[in-house]
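The next block holds one structure in the form of structure tokens; read it before the comments.
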Amino acid sequence: MVNKLQLENLINEAKDIKVLYVEDDYEVRLNIAKLLETIFPTVILTENGQEALDIFKEDPTIDLIITDINMPVMNGISFIKEARKINFSIPSIIITAQNDRELINDAIIAGIDGFILKPLELDQLYNALLNVINKCNLIKENDKNIAILNQYKDITNKSSIISKTDPTGMITYVNDNFCEISGYSEIELVGRPHNIVRHPDNPKELFASLWKTIKKDKKPWTGIIKNLTKDGKSYFVKSTIKPIFDNRGEIVEYMALRDDI
């Protein structure tokens, strides 16, 4: 049984979550909506899966789907399947009077996070919401971090010359700045050894030190490198090359950030 403190925590955790609730029975829809509105700040009501899908397509801020199964036009399971084509990770709960094993299996395959039987019991609803609200908040936090990371990436891409190679030094990625300063296209660079832009005037000791640092010592290396453009012009870059590791500590690639000096 959910106590008062748990309910208060539930409401607090749900303060930023927008819910789309789908139910074709008018009285049931209103009654359950009243319960949901005591927890969530925004509850959008709709009466069938197709109408709900149209709303979901237009509103990317919806965080949680709660739906009945048997409805006209489009049932709840079909709606969730279609919604997950738009947002694969969208959390969902089904509230239904049908206690059918095949139906439950279909719902699980569709990706639901909770299955509640009617007539609705408050404890059952609250417990299902406790589980799914945590998932909603984790997704929101992850989306926020990704948005921030993409901004960092955009800033870095615009200000630095960036490339990545596999452990053998074959190029796997270059940004626009790399192509612009080297005179090579992305197609000409990816899959080629990184020494395609190396100037022959560089001392051999420089690259011996570089590879020892990043490959043997597994540490970042920083230094000045003289490069050569496609049309034979030389340029200098301050380079920081860092090994990237997998979860076993093995090097999977190298990432280089350079500044044109």
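The values are calculated or read from the model by the stated rules, or taken from the named source; none is laboratory data. Keep in mind the model is a prediction, meaning the values are calculated, not measured. Using ideal geometry, Cβ is built from the backbone for each residue, glycine included, and neighbour counts are taken over all protein chains shown. Heavy atoms of the whole protein, side chains included, go into the accessibility calculation; ligands, DNA and RNA do not. Shrake-Rupley method; radii C 1.70, N 1.55, O 1.52, S 1.80 Å.
Here are a few things to note about the model shown:
- Shape category assigned to segment 168-228 from the gyration tensor of Cα positions, a/c cut at 1.5: prolate
- Cα-based helix-to-principal-axis angle, 101-110 vs the chain, degrees rounded to 10: 30
- Restricting attention to the chain, close to 65% of DSSP beta bridges with both partner residues there are antiparallel.
- Expected 222 nm ellipticity per residue - DSSP helices of 4 or more, -39500 (n - 2.57), all of the chain, to 500: -13000 deg cm²/dmol
- Point-to-point label distance, K212-N195, nm (Cα→Cβ direction, 7 Å offset): 1.8
- GluC sites (Glu not before Pro) restricted to segment 91-153 and DSSP loop, no more than 12 other C-beta within 10 Å: E121
- The alpha carbon centroids of segment 118-152 and segment 243-261 are separated by 34 Å.
- In segment 66-186, a dipole from Cβ-located charges (positive for Lys and Arg, negative for Asp and Glu) runs towards its positive end, and of T96, N145, L125 it is N145 whose Cα lies farthest in that direction.
- DSSP-assigned coil residues among trypsin sites (Lys or Arg not before Pro) in segment 2-79, each with at most 13 further Cβ atoms within 10 Å: K15
- Sparsely packed trypsin sites (Lys or Arg not before Pro) within segment 153-261, loop by DSSP, other Cβ within 10 Å at most 13: K218, K233, R248
- A simple rule links phi to the HN-Hα coupling: the Karplus curve 6.51 cos²θ - 1.76 cosθ + 1.60 with θ = phi - 60°, which for segment 37-46 gives 6, 7, 10, 9, x, 9, 10, 9, 9, 8 Hz, with x for Gly and Pro.
- Taking every alpha-carbon pair under 8 Å whose residues sit at least 6 apart, segment 57-202 reaches a relative contact order of 14 percent.
- Set of lysines with alpha-carbon distance to K215 below 20 Å, sequence-local pairs under 8 removed: K164, K204, K238, K242
- On the chain, 52 percent of the accessible area sits on carbon and sulfur atoms, based on a 1.4 Å probe.
- Pairs of alpha carbons in segment 20-64 whose separation is greater than 17 Å (percent): 30
- Part-to-part distance (alpha-carbon centres) for segment 159-227 and segment 33-69, which is given in Å: 51
- Cβ charges +1 (Lys, Arg) and -1 (Asp, Glu), total dipole of segment 139-212, debye: 220
- Largest accessible area first, the listed residues F178, F207, F115 line up as F115, F207, F178 when surface is computed with a 1.4 Å probe on the assembled protein chains.
- Approximate spin-label separation T42-K18, in nm, with each point projected 7 Å along Cα-to-Cβ: 0.3
- Among the listed pairs K18/K140; K15/K85; K15/K153, those with a Cα-Cα distance over 19 Å are K15/K85; K15/K153.
- Per residue solvent-accessible surface (Å²) - segment 1-145, probe of 1.4 Å: 54
- Exposure rank, largest accessible area first [V190, V22; 1.4 Å]: V190, V22
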